[in-house]
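Participant: My structure is below; once you've seen it, I'll send some questions.
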Amino acid sequence: MIHVFVGPTLPRSEPQLTAPGVRVWPPVRHGDLFDTAIRRRDTAVIVDGVYHQAPALRHKEILAAMGRGVQVIGAASIGALRAAELAPFGMLGVGSVYTAYASGEIDGDDEVAVGQAPDGEFDSLTWPVVNLRHVLRLAVSAGVVDGERAAQLLAGLRAVYYPQRTWAAIRAVCRRQGDVEFAGWLAERRKQDGHFGDLKRADALAAVRLARGGELPPADAQPMPAVWETTYFRRWSNTFARTRVDELELSTEDRLVYQQLFDPAFRKAWAAYLEHRSLHPADGGPGLPLVERLAQVTGGDLSADRVFHPAVDLRDEQAVALLLAGETELDRQAVARYAAALVRARSSRPGFTVAAVRGDLTRRLLLRVWRCPEQEFDAEASARGLVCGARAVEAAKRLVPGLLEEMNETIKRTETASATR
């Protein structure tokens, strides 16, 4: 399967994008390459990406995709920029824009940035600098302007903030600098060919053609094992891990946190996970029974959960199976309800964030759910794999809106029942 992340550079109706075996995605953003639909031996063609209205695609996400066997091609826009940066690790760059970045001829993000329509259609409303530079070179070759005037025009056009670099703005800059001949020449060329001078479009089509041809050149290098395996990357990969169960699309991390907080028997699941990790260390080191490993580092006065705090990788299916062994269908339905409650809280309260949920309220709710005294709060959190009470509070904040909704509904039902007696 060929996955093409594209927006302003090519319309979805482009024939190359409607061919069998091609799946078109919106402009790439942080987290998209974690999607389980992108599998080993697939090809991801990165053309466009967002960075203003959402977090941009990180380099380590691309490295991780390549590490699991996905061929990644970049061209035209953010794809060309990322390919120039990651070529030593095996990302394949295509086209003139990529070559300009790789050679150092251009180096700024603004070279390919465009303003997009806000209606979700991702249409480009402005001209990127790479296209302007290209048409000015064509104009010099055609004798419309000389090299010095072209450089002055380019400087004037670059001074316009990229979301405002519309065709009208280009004409205004040309009039201000007295280059109406260039503006007229460009207008006539665009009238004859709507794609005239669109270097990004040409590069994007070349990348898709290469991917569809199925004969990709071998990468010059491959990412070294675990280049991307940082604490930040694991946090991202866990955040974007999702599972479809019982016709529900659920965050795996939400499912785990729900079990840690609400399953009375989760202590056993965490103990099983610690034993599994002791026998199969994530770093590939020698495995040991948990009791032996514990004896090596403590005199026996601490439990394993107070000593060992291995990170959980939600891409590890065996680990997830151990941790969610006690999950029921009702639990998954609750996770879906809590996720919906969080969405409602964000949409109904401008500026609401999970971090803004009161810590003292969350702590009181956890003490009530766990039915443990205050002095045992840290120990209970540790036994559930949450390390300590403070981290348990932070993990639980995402579920507080849903929990409060359920508690309020219970109170209303009780009051209604009492009123009808």
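Since every read-out is calculated from the coordinates, none of them should be taken as a lab result. This one's a predicted model, so the numbers in the text were calculated from it and none came from an experiment. All Cβ positions, glycine included, derive from the backbone under ideal geometry; neighbour counts span all protein chains shown.
Participant: What relative contact order, as a whole-number percentage, does the chain give when Cα pairs under 8 Å and 6 or more residues apart are counted? Before the final figure, lay out the partial values.
Facilitator: Working: 578 pairs, mean separation 51.8, N = 421.
This gives 12 percent for the chain.
Participant: R0 = 60 Å: FRET efficiency of E394 with S141, Cβ-based, nearest 0.05? Working shown, then result.
Facilitator: Values: r = 60 Å, r/R0 = 1.01.
Computed FRET efficiency for E394 and S141 comes out at 0.50.
Participant: Please name whichever of Y232, A339, V50 sits farthest to the positive end of the charge dipole of the chain, dipole taken about the Cα centre and charges placed at Cβ: Lys and Arg +1, Asp and Glu -1.
Facilitator: Checking the options against the dipole of the chain, the answer is A339.
Participant: Taking neighbour counts of Cβ atoms within 10 Å as a proxy for exposure, in what order, fewest first, do L366, L17 appear? Don't skip to the answer; put the middle values down first.
Facilitator: Values: L366 24, L17 19.
Arranged by neighbour count, lowest to highest, L366, L17 become L17, L366.
Participant: In a GNM of the chain with a 10 Å cut-off on Cα contacts, which of L261, L404, L63 has the highest mean-square fluctuation?
Facilitator: Taking springs between Cα atoms under 10 Å, the residue moving most is L404.
Participant: Related question: Between T230 and L125, 0.36 nm times their residue separation minus their Cα-Cα distance comes to what? Walk me through the intermediate numbers first.
Facilitator: Details: separation 105, 0.36 × 105 = 37.80 nm, distance 3.78 nm.
Stretched fully, the T230-L125 segment lengthens by 34.0 nm.
Participant: For region 20-38 and region 357-413, what is the centre-to-centre distance using only Cα atoms, to the nearest Å?
Facilitator: What the calculation gives is 36 Å, centre to centre.
Participant: While we're on this one: If a/c stays under 1.5 just call it rounded; otherwise compare a/b with b/c (prolate if a/b is bigger, oblate if not). Do that for region 246-292, with a ≥ b ≥ c from the square roots of the Cα gyration tensor eigenvalues.
Facilitator: Working: a/c = 3.85, a/b = 1.82, b/c = 2.11.
Oblate shape, in that a/c is at least 1.5 and b/c is the bigger or equal ratio.
Participant: Let me ask something else. Name the long-range amide H neighbours of V45: under 5 Å, sequence gap of 5 or more, or other chain; modelled H, no Pro or chain starts.
Facilitator: H3, V4, F5, I73
Participant: Continuing with the same structure: Can you tell me which of 183-196, 157-170 comes out highest on packing, and rank the rest after it, using the mean Cβ neighbours within 10 Å?
Facilitator: Most protected by this proxy first, the peptides run 157-170, 183-196.
Participant: Sticking with this structure for a sec: As a footprinting exposure proxy, order L92, L138 by other Cβ within 10 Å, with the fewest listed first. Show your work: numbers first, answer last.
Facilitator: Working: L92 24, L138 16.
Lowest to highest Cβ neighbour count: L138, L92.
Participant: Once you have the Cα-Cα distance between F352 and D107, take 0.36 nm times their residue separation minus that, and quote the gain in nm to one decimal. Intermediate results must be reported in sequence, preceding the final value.
Facilitator: On the way: separation 245, 0.36 × 245 = 88.20 nm, distance 3.69 nm.
Computed gain between F352 and D107 is 84.5 nm.
Participant: Just checking my list (i) 28.0, 89; (ii) 27.5, 93; (iii) 26.9, 86 against Rg and Dmax of the Cα atoms in Å computed from this structure; which label fits?
Facilitator: Here the calculated entry is (ii).
Participant: Taking 7 Å along the Cα-to-C-beta vector as the label spot, tell me the T414-T36 distance in nanometres, rounded to one decimal.
Facilitator: 3.9 nm
Participant: As a test of the formula, what do you get for the chain when each DSSP H run with n ≥ 4 contributes -39,500 (n - 2.57) and the sum is divided by the residue count, at 222 nm and rounded to the nearest 500 deg cm²/dmol? List each step's numbers first, then the result.
Facilitator: Working: 19 runs with 209 residues, N = 421.
Rounded to the nearest 500, it is -15000 deg cm²/dmol.
Participant: Given 0.36 nm per residue, what is the gain on full extension from E249 to A155 after removing their alpha carbon distance, in nm?
Facilitator: Details: separation 94, 0.36 × 94 = 33.84 nm, distance 4.92 nm.
Additional length available on full extension: 28.9 nm.
Participant: So how strong a dipole does the chain carry about its Cα centre when Lys and Arg Cβ are +1 and Asp and Glu Cβ are -1, to the nearest 20 debye?
Facilitator: So the dipole magnitude of the chain works out to roughly 760 debye.
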